[in-house]
Amino acid sequence: MSLKKTRDLDMKRRQFCKTTINFGLGAGAYFAFGAGINAFAAATPEQGSPFDLVAIKGSEPDLMFCRAIKSLGGMKHFVKPNRTVVVKPNIGWDVPPERGGNTNPALVQEIIRQCLDAGAKDVYVFDHTCDKWSNCYANSGIERAVKDAGGKMVPGNAEKYYQNVNVPGGKTLTQAKVHELLLESDVFINVPILKNHGGAKLTMSMKNLMGVVWDRGFWHRNNLHQCIADFATFRKPDLNVVDAYHVMKKNGPRGVSTADLVTMKSQILSMDMVAADTAASKLFGMDPADVPYIGLAQQLGVGTMNLSKLNIDRIIL
Amino acid sequence: MKWKILKKARVIISLAFFSTIALVFLDLGSSTPEIASRFVLFFQFVPSLLKFLSISTLAASGFIAVIGLTLLFGRVYCSFLCPLGVLQDIIIFIRKKTGNIKFNTRRAHTKTRYGILITVVLIFFSGSIIGLTALDPYSNFGRMLTHLARPVVIETNNVLVFMLESINIYAVSPVGLKGIALFPLIFSIVILGVIVLMSLKDGRLYCNSICPVGTFLGFLSRFSLLKIRFKPSECIHCGACVRACKSHCMDMENQTIDFSRCVVCYNCLDKCPTSAVDYRWAFGKYEPSGLEDAGKRDFILQTGAFLLANRSSPLWAGSPIEIYKDSTVPVIQKAPVSPPGSLSLENFTNKCTACHLCVSACPTQVLQPSFLEYGLLGIMQPRMDYKASFCNYDCVVCSTVCPNGAIIKQDPEAKKLIQLGKAKFIEQNCVVYTHKTDCGACAEHCPTKAVRMVMNEDIEKPAPKIDESICVGCGACEFACPTKPHKSIYVESNPVHGVAQKPKEEKIKIKVDLKEDFPF
């Protein structure tokens with residue numbers, strides 16, 4: 001695709017994001033659900049959000065985010081002018097976007113754009129990768145996406161970036177070395193991808209936080225699930241966006257080929273990691289009770305697994 | 001005037017070779033054009049010769065070119081192409097600038113140099129490369145760059161990163177240094193020390209007493225078509241040529257030159273105030289040549305910045321309390337793992353002179369100098385160190401840089417099926433069995449899913465299971481395994497590299513209905 005064509009398409013999408021979804025598709029969703037279900041209401045930043053969780057499906061990652069964030073009061077609700085933001089996608093593996101090993105770059109790009117539109121001073125993006133970090137950043141397509149959107153890509157490959165902190169709420173994991181950006185930034189947006197995982201069963205919001213610490217070996221040695229739950233008490237993200245567009249159903253978290261994927265074209269947004277992960281496991285087709293860290297985190301008061309008590313905006317585009 | 005251009009050409013070409021080779025080793029971003037690195041490495045005598053022995057192609061014919069050049073012009077290799085030779089010239093140049101250094105006429109160390117050459121050749125034919133590993137000038141230069149210069153470059157880079165980040169610029173990235181290999185470090189310091197001392201005091205003495213390549217090419221240069229010779233009728237016996245000769249091979253009294261020691265630097269031609277020193281057909285007649293002044297050339301020298309550690313200090317001392325109990329069964333690896341493309345331990349250890357270019361170039365730093373893993377005679381030859389890192393599934397960098405043919409160039413797709421070794425599991429060490437807790441770090445990192453977590457009904461936990469047929473021996477599982485002090489999974493070397501099967505792809509049969517309600 002030529003550069004001009006890409007740009008045109010980009011412009012159209014942004015335009016689409018600003019206007020169409022608000023009215024046209026919003027109405028579509030309304031009619032699709034019928035009058036009995038929560039009437040579509042784009043909350044304003046001042047009002048805050050009537051919803052605890054937004055589940056959306058049926059469109060492209062960036063467009064779904066555009067629509068879903070409106071239900072939570074828009075990005076302005078999370079990012080006030082002149083604040084610094086850290087966005088933490090999953091960039092763990094040296095694989096291209098179509099392999100579904102890393103968070104969708106278009107989604108990351110849209111989040112950064114909206115943060116900057118909301119007046120953010122700086123938007124930083126990093127991950128403590130598993131494969132060679134520079135390869136992961138480049139080949140995931142995320143580095144390019146971040147730079148194009150005006151964000152800053154920060155390395156996570158050196159111990160010097162990580163500061164010792166106490167995890168007062170933790171049972172087993174009581175100390176950790178955490179990336180300085182997580183400690184310094186005003187707003188923390190967690191953008192995991194939903195995947196099968198050999199050790200943790202599923203990776204989503206809480207598991208994604210393993211990428212903000214230095215010593216992961218400690219977690220693996222000392223009861224992985226408890227450590228994941230423990231660290232979830234440390235700094236709760238202001239917003240979690242679970243990318244479930246290409247979902248790796250097996251051979252996770254790295255995956256062997258695109259044959260491991262199912263295209264679910266979905267996304268889940270919530271301020272509550274436990275709720276987001278509960279909903280994401282159900283979406284994946286796994287009982288949340290079979291993912292031990294979700295229950296353990298609920299016990300530690302990180303959030304709730306009881307989705308029936310939450311006000312959920314379900315959007316099918 | 002014609003001599004002036006010769007020396008100028010020598011200085012320019014030699015510095016181009018020297019700096020390109022230095023760049024190939026020191027470039028932290030792997031941005032050196034491949035064509036440039038291939039060109040300069042093509043002419044390195046010993047690597048090219050060894051490469052020719054494994055793959056007799058045009059790309060490995062650099063040593064033939066060097067022999068040809070030597071038979072035409074004398075030992076131009078030593079002054080133009082050899083980075084260790086150029087390093088000595090730089091040291092001599094600095095010495096000249098800071099004090100007065102004058103050379104004189106000396107006898108050749110014939111017994112020493114031929115003794116060393118014959119020893120190295122005999123050792124090689126008896127099946128060991130150790131003589132070349134120790135004395136090949138290019139490999140020694142490579143090790144100096146890898147173990148002395150590169151750490152300085154890396155630390156300088158990291159200081160720069162630190163300063164830029166303090167003003168919120170993340171344009172430069174830090175580079176980690178996975179440990180320091182003590183033996184190659186000491187060896188490089190010793191060789192560098194010998195070279196610095198010899199060159200400061202005696203010019204190119206190293207090249208004419210120790211270096212086996214120098215001795216061999218010196219032998220060939222007896223038959224060179226072009227030689228430097230005295231023209232007795234023009235000589236005013238001023239001694240300028242003798243004082244300028246780094247090889248001590250000009251005998252003004254007898255008007256003879258020991259051309260086997262001459263490194264063809266053209267300094268004598270440049271310095272001779274008359275035209276008594278001449279570069280001409282060894283078998284031809286005199287041709288009058290013009291008079292010229294000696295020109296001075298400046299070298300641009302790069303000085304290394306000082307080394308500075310920039311690790312952040314923890315806010316407080318103490319480490320987290322582990323509930324984990326140490327693993328008990330030591331890992332005993334039968335043989336070291338050689339890099340992908342090296343075909344077999346035999347091929348690798350017979351061809352590698354431990355220049356450590358692959359060590360410098362390896363993006364994940366899994367290639368580390370060995371100590372005694374390959375045996376005493378394979379000392380310093382690189383091995384896959386899965387404690388330090390693991391081999392990137394899509395990477396073929398080591399096979400593209402190796403100038404020796406010890407690692408043969410691989411197509412990225414073919415490399416994905418090279419089996420360096422096979423993963424072995426030690427159940428008694430694994431945290432899933434010893435602590436009954438979930439882990440899966442090995443399976444997580446495995447690029448082919450040769451290691452996967454399979455439900456073990458006895459312990460009611462998913463535990464690692466290995467399918468050796470699709471294992472490529474990349475070491476990702478071993479590197480990621482968190483148990484300590486002993487790992488629970490490790491790679492046992494294939495002495496002859498095998499071929500792994502392609503991982504099976506099974507398409508998931510799930511129908512996704514995008515209009516269906518959410519399951520919550």
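The values are calculated or read from the model by the stated rules, or taken from the named source; none is laboratory data. Fair warning: this is a prediction, and the values are worked out from it, not measured in the lab. Counting neighbours? That spans all protein chains shown, and the Cβs are built from the backbone with ideal geometry, glycine included.
In table form, for the structure just shown:
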{"item": "Of all residues in segment A:198-240 being among the basic types (Lys, Arg) and part of a helix (DSSP H, G or I), the one that is farthest from the other protein chains (Cβ to nearest Cβ)", "result": "A:Lys207"}
{"item": "Matching residues, segment A:100-120, being out of contact with any Asp or Glu (no Cβ under 8 Å at 6 or more places or on another chain) and either under 22 Å from A:Asn208 (Cα atoms) or part of a helix (DSSP H, G or I) (or both)", "result": "A:Gly101, A:Asn102, A:Pro105, A:Val108, A:Ile111, A:Ile112, A:Arg113, A:Gln114, A:Cys115, A:Leu116, A:Asp117"}
{"item": "Of all residues making up segment B:450-497, the number that are at positive phi, crowded, with 22+ Cβ neighbours inside 10 Å and within 14 Å of chain A (Cβ to nearest Cβ)", "result": "1"}
{"item": "Residues of segment B:229-274 satisfying the condition of being assigned to a helix (DSSP H, G or I) and farther than 15 Å from B:Arg106 by Cα", "result": "B:Ala240, B:Asn267, B:Cys268, B:Leu269, B:Asp270, B:Lys271"}
{"item": "Near pairs, Cβ below 6 angstrom, 6+ apart or cross-chain, from segment A:58-86 (assigned to a loop (DSSP other than H, G, I, E, B)) to any residue that is of a type in the set (Gly, Ala, Ser)", "result": "A:Leu72/A:Ser49; A:Gly73/A:Ala43; A:Gly73/A:Gly48; A:Gly73/A:Ser49; A:Val79/A:Ala118; A:Val79/A:Ala120; A:Pro81/A:Gly119; A:Arg83/A:Ala120"}
{"item": "Whichever residue in segment B:498-520 is hydrophobic (A, V, I, L, M, F, W, C) and at the interface with another protein chain (Cβ under 10 Å from one of its Cβ atoms) and, among such residues, is surrounded by the most Cβ atoms within 10 Å (Cβ to Cβ)", "result": "B:Phe520"}
{"item": "Filter result (in contact (Cβ under 8 Å) with a residue 60 or more places away in the chain, assigned to a loop (DSSP other than H, G, I, E, B) and small (Gly, Ala, Ser)) within segment B:344-376", "result": "B:Ala354"}
{"item": "From the options A:Ala280, A:Ala259, residue that is buried (at least 18 other Cβ atoms within 10 Å of the Cβ) and either aliphatic (A, V, I, L, M) or more than 17 Å from the chain's Cα centre (by Cα) (or both)", "result": "A:Ala280"}
{"item": "Residue in segment B:414-431 that is buried (at least 19 other Cβ atoms within 10 Å of the Cβ), in contact (Cβ under 8 Å) with a residue 40 or more places away in the chain, among the polar types (S, T, N, Q) and within 14 Å of chain A (Cβ to nearest Cβ) present", "result": "yes"}
{"item": "Every pair of residues 6+ apart whose Cβ atoms lie under 6 Å, when the first sits in segment A:267-291 and is in contact (Cβ under 8 Å) with a residue 40 or more places away in the chain while the second is aromatic (Phe, Trp, Tyr)", "result": "A:Ala279/B:Phe520"}
{"item": "Of all residues in segment B:173-197 being without any contact (Cβ under 8 Å) to a residue 60 or more places away in the chain and closer than 25 Å to B:Thr98 by Cβ, the one that is surrounded by the most Cβ atoms within 10 Å (Cβ to Cβ)", "result": "B:Ser188"}
{"item": "Test for B:Pro369: is it at pLDDT 90 or above and in contact with a strand residue (DSSP E or B) (Cβ under 8 Å, 6 or more places away or on another chain)", "result": "yes"}
{"item": "For A:Arg254: the one exception among (1) farther than 20 Å from B:Lys465 by Cβ; (2) under 18 Å from the mean Cα position of the chain (by Cα); (3) surrounded by 24 or more Cβ atoms within 10 Å (Cβ to Cβ); (4) within 13 Å of another protein chain (Cβ to nearest Cβ)", "result": "(1)"}
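A quick yes/no check of all residues on (1) of a type in the set (Ser, Thr, Tyr); (2) part of a helix (DSSP H, G or I); (3) under 18 Å from B:Met380 (Cα atoms); (4) not assigned by TED's automatic domain parsing to the domain that holds B:Val213:
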| site | (1), (2), (3), (4) |
| --- | --- |
| B:Thr156 | yes, yes, no, no |
| B:Val159 | no, yes, no, no |
| B:Leu164 | no, yes, no, no |
| B:Ser173 | yes, no, no, no |
| B:Gly179 | no, no, yes, no |
| B:Phe183 | no, yes, yes, no |
| B:Ser188 | yes, yes, yes, no |
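This table checks each residue for (1) within 29 Å of B:Leu177 (Cα to Cα); (2) at the interface with chain B (Cβ under 9 Å from one of its Cβ atoms); (3) touching a strand residue (DSSP E or B) at 6+ places or on another chain (Cβ under 6 Å); (4) not in a loop (DSSP other than H, G, I, E, B).
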residue	(1), (2), (3), (4)
A:Glu143	yes, no, yes, yes
A:Val146	yes, no, yes, yes
A:Pro168	no, no, no, no
A:Leu173	yes, yes, no, no
A:Leu181	yes, no, yes, yes
A:Ile189	no, no, yes, yes
